Amino acid sequence: MANAATIGISLRDLFLFNNGDLYHSYRTFGAHPIRLADEQGVRFAVWAPNARSVRVVGDFNGWDGKRHVMEPIGDTGVWSLFVPDLSTGTVYKYEIHTQDGAKRLKSDPYAFQAEVRPNTASVVADLSDYAWKDAAWQKRKQEVSPYHEAMLVYEVHLSSWRSWGKELFWTYEEIADELVDYVAGMGYTHIELLPVTEHPLDMSWGYQVIGYYAATSRFGTPQQLMYLIDRCHQKGIGVLLDWVPGHFCKDDHGLRLFDGTPIYEGADAKRAEKPLWGTLAFDFGRTEVQSFLISNAVFWMDVYHIDGLRVDAVASMIDLHFDKPPEMFTFNAFGGNENIDAIRFLKRLNETVFRYYPDALMIAEDSSSWPAVTSPTYMGGLGFNFKWNMGWMNDMLRYMALDPRERMRHHNLITFSLLYAFSENYVLPLSHDEVVHGKKSLLNKMSGPYDQRFAQLRLFYGYWMTHPGKKLLFMGGEYGQFDEWKYDEPLDWKLLLYPKHAAMHAYVKALNRAYGEEPSLWERDCDPGGFEWIDVHNAAQSVIVFMRRGHAANDFSVVVCNFSSNHYPEFRVGVPEPGRYRVALHSEAAAFGGALAHAPEVLYSTKTSWHGRPCSLLLDLPPLSFQLFVFAPGEHGRSERFSALHGRT
């Protein structure tokens, strides 16, 4: 039996691990280069409580497990071994002998690196040797509240943003040298990376994970990913990671039946199986699984300086019946379909992350109507600080697909979201999920002939950007990608050679800039006082008018959206203050592909009361248009706080 202390493993840590309380378990488990008794080598530790024996195999021993047999540490279920003369780059697996006499070769659940697929072994890696240069970013991040700051996320799938050809991927460093400048130049505040955790199947996009602690080797080394993140931070760009705790893939070298028994997925197949995806759900009630997953969330923030996690498929975690046929239904102890273990896990996850990283972003991708997702756990909530607003997205995409002549009968689709917009802290997502598998690109979701679709998309983006809530756009949407997203091909960047797509690109850049410069569009995203309808009931003309307010008394913007194909040359809009209104953006400006060669830059209100306001603006309202007006009694520049946080000049 192993003496844990002699190889640097704390029995107290193993006690905490077994109880679900070891939140930095990656420091104990996995393969760690250490010096022991004047010998340099690698310490291995793995949890396999029901194994008959566990061995370490690799090129260093001819894949013969008899030469390196691991020893159990008490009754913790943990096995360990120090192997001298090994170093980083060593390829290995665990050879697990099960109680029924079978032999399984398993990748290390805590491996920091893996072989490039289709090879499946783990690789010894040292993650401590990268010299970070993001201290200024970390300091600035601690000085602001994400609820009152701009958040405009660019969602990126690394292998298809750019590539050299089929399966000829750019490295993390090559991506960093181009992507970061592009994102900063476009005015985004964050990037969100589709899962970069190791996965065996390209077409899964990374959502069927095999190595939770290993950044995929498709794009290079862990240090190269650190360089990408570091460059983002130096440019004032936050980095979010798609994180997939809801399920894992069934590949034989992974977590499934890891020691011959279901220790990660749980024994009840009806609960473990995810038939729609062909994956397995974690057993959220098992304490060691809690240590594994919560540590993993902490790991990405601790070691890789990730700023937050978008937690995938929360609805599938908390609903025992999610996407399952009736014959697979199970029920909790109270007869309901709520997964009580998963709910407790999510609360504990968020409590732990915020204990270590109070400025983290924990964003739930949740398609359910579960209440209080973004409320603190002490108030009965799940403890996230943001949630994707899937209802807004579905309603608006349905609305934009309608013929403009039909929209008067479906006006509620654009107004309903404001009835619940402040019930949670929302992100408005236009994500990869909406532009794949025959769903069409955003441009092709718009109704009407080709030319009209660009006007519709500009209008839609304008409403999206000014609606309460933080923002997320999937790559390619910024220039009107015409085809739906294909995971194995690069984006159609050549479309920027065509005037309409180039003009769309210019429009999105200008819209992003206007968003970042106007605190009224984000300071009070989570506050009902930050939004006010001016004209909500004009279904007959398919026009809506509303205000966004910042913290300062006279910091407000007026938004006018004409969702009809009619031109209203003298359209009056009530405003609360007399004076000067700057046209921050007009979607029909010629520079953006519109019909106005000379869009107005400034309008002055008159004392004609309208819409219950003491003053009004008289507008020329083109069909399918968006206009943003900023009250500007004295011209002001961009938000100093936005510029400071995101390194803009």
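The values are calculated or read from the model by the stated rules, or taken from the named source; none is laboratory data. As the structure is a prediction and not an experimental result, all values here were calculated from the model. Glycine also receives a Cβ, built like all others from the backbone with ideal geometry; neighbour counts cover every protein chain displayed.
Please enumerate the residues belonging to the range 455-497 that are charged (D, E, K, R), touching a residue at least 40 places away in the same chain (Cβ under 8 Å) and not in a helix (DSSP H, G or I).
470, 471, 483, 484, 486, 488, 489 - these are the residues of the range 455-497 that are charged (D, E, K, R), touching a residue at least 40 places away in the same chain (Cβ under 8 Å) and not in a helix (DSSP H, G or I).
Output the qualifying pairs, or none if there are none: Cβ atoms under 8 angstrom, residues six or more apart or on different chains, first residue in the range 283-308 and under 11 Å from residue 264 (Cβ atoms) and free of Cβ contacts under 8 Å to residues at least 60 places away in the same chain, second residue small (Gly, Ala, Ser) and assigned to a helix (DSSP H, G or I).
283/272
Of the conditions (1) hydroxyl-bearing (Ser, Thr, Tyr); (2) under 22 Å from residue 186 (Cβ atoms); (3) touching a Pro at 6+ places or on another chain (Cβ under 8 Å), residue 426 satisfies every one except a single condition; which number is it?
Failed condition: (2).
Which residue is nearest to residue 479 (Cα to Cα), if the candidates are limited to the range 536-565 and must be in a loop (DSSP other than H, G, I, E, B) and either in contact with a Ser or Thr (Cβ under 8 Å, 6 or more places away or on another chain) or of a type in the set (Phe, Trp, Tyr) (or both)?
Step by step, filter the range 536-565, then rank; the result is 563.
Please find, within the range 486-542, the residue that is surrounded by the fewest Cβ atoms within 10 Å (Cβ to Cβ) out of those that are farther than 22 Å from residue 467 by Cβ and acidic (Asp, Glu).
Out of the qualifying residues, it is 488.
Conditions tested, residue by residue: (1) within 17 Å of residue 448 (Cβ to Cβ); (2) buried (at least 18 other Cβ atoms within 10 Å of the Cβ); (3) hydroxyl-bearing (Ser, Thr, Tyr).
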{"position": "372", "(1), (2), (3)": "no, no, no"}
{"position": "388", "(1), (2), (3)": "no, yes, no"}
{"position": "391", "(1), (2), (3)": "no, no, no"}
{"position": "406", "(1), (2), (3)": "yes, no, no"}
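Checking residue 140 against (1) assigned to a loop (DSSP other than H, G, I, E, B); (2) in contact with a helix residue (DSSP H, G or I) (Cβ under 6 Å, 6 or more places away or on another chain), which single condition isn't satisfied?
Checking residue 140 against (1) assigned to a loop (DSSP other than H, G, I, E, B); (2) in contact with a helix residue (DSSP H, G or I) (Cβ under 6 Å, 6 or more places away or on another chain), the one that fails is (1).
Take residue 584 and decide whether it is surrounded by 18 or more Cβ atoms within 10 Å (Cβ to Cβ), of a type outside the set (S, T, N, Q) and out of contact with any Ser or Thr (no Cβ under 6 Å at 6 or more places or on another chain).
Yes; evaluated as a whole, the condition is true for this residue.
List the strands (runs of 3 or more DSSP E) that sit entirely inside the range 570-631 and contain at least 1 residues that are without any contact (Cβ under 8 Å) to a residue 40 or more places away in the chain.
Those strands (runs of 3 or more DSSP E) span 602-604.
Could you pull out the residue among 116, 123, 144 that is of a type outside the set (D, E, K, R), in contact (Cβ under 8 Å) with a residue 12 or more places away in the chain and crowded, with 17+ Cβ neighbours inside 10 Å?
123
Out of curiosity, is residue 179 over 25 Å from residue 124 (Cα atoms), among the aliphatic types (A, V, I, L, M) and buried (at least 23 other Cβ atoms within 10 Å of the Cβ)?
Spelling it out, residue 179 is indeed over 25 Å from residue 124 (Cα atoms), among the aliphatic types (A, V, I, L, M) and buried (at least 23 other Cβ atoms within 10 Å of the Cβ).
Of all the residues that make up the range 368-408, how many are more than 18 Å from residue 310 (Cβ to Cβ), of a type in the set (S, T, N, Q) and assigned to a loop (DSSP other than H, G, I, E, B)?
2
Restrict the check to the range 350-360 and report whether at least one residue is among the aliphatic types (A, V, I, L, M) and under 19 Å from the mean Cα position of the chain (by Cα).
Yes, the range 350-360 contains at least one residue that is among the aliphatic types (A, V, I, L, M) and under 19 Å from the mean Cα position of the chain (by Cα).
Suppose we filter 193, 158, 168 for residues that are among the hydrophobic types (A, V, I, L, M, F, W, C) and either over 25 Å from residue 362 (Cα atoms) or not assigned by TED's automatic domain parsing to the domain that holds residue 309 (or both); which single one remains?
168
Name the single residue, out of those in the range 88-108 being touching a Gly at 6+ places or on another chain (Cβ under 8 Å) and in a loop (DSSP other than H, G, I, E, B), that is surrounded by the fewest Cβ atoms within 10 Å (Cβ to Cβ).
Among them, the one singled out is 100.
Test each condition in (1) surrounded by fewer than 16 Cβ atoms within 10 Å (Cβ to Cβ); (2) at positive phi for residue 77 and report the one that comes out false.
All conditions are met except number (1).
Has the range 448-461 got at least one residue that is within 23 Å of residue 483 (Cβ to Cβ) and among the small types (Gly, Ala, Ser)?
yes
Inspect all residues belonging to the range 486-494 and state whether any of them is within 28 Å of the chain's Cα centre (by Cα), under 20 Å from residue 448 (Cα atoms) and outside the structural domain of residue 205 (by TED's automatic domain parsing).
The answer is no, given that none of the residues of the range 486-494 is within 28 Å of the chain's Cα centre (by Cα), under 20 Å from residue 448 (Cα atoms) and outside the structural domain of residue 205 (by TED's automatic domain parsing).
Out of the residues in the range 174-200 that are of a type in the set (D, E, K, R) and touching a residue at least 60 places away in the same chain (Cβ under 8 Å), state the one that is nearest to residue 221 (Cα to Cα).
198
Pairs, please: C-beta under 9 Å, at least 6 apart or cross-chain, first residue in a loop (DSSP other than H, G, I, E, B) and in the range 351-367, second crowded, with 21+ Cβ neighbours inside 10 Å and basic (Lys, Arg)?
The qualifying pairs are 365/310; 365/387; 366/387.
Name the helices (runs of 4 or more DSSP H) wholly inside the range 221-307 in which the number of residues that are farther than 30 Å from residue 138 by Cβ, modelled with pLDDT of 95 or more and not assigned by TED's automatic domain parsing to the domain that holds residue 13 is 2 or more.
269-272, 287-302
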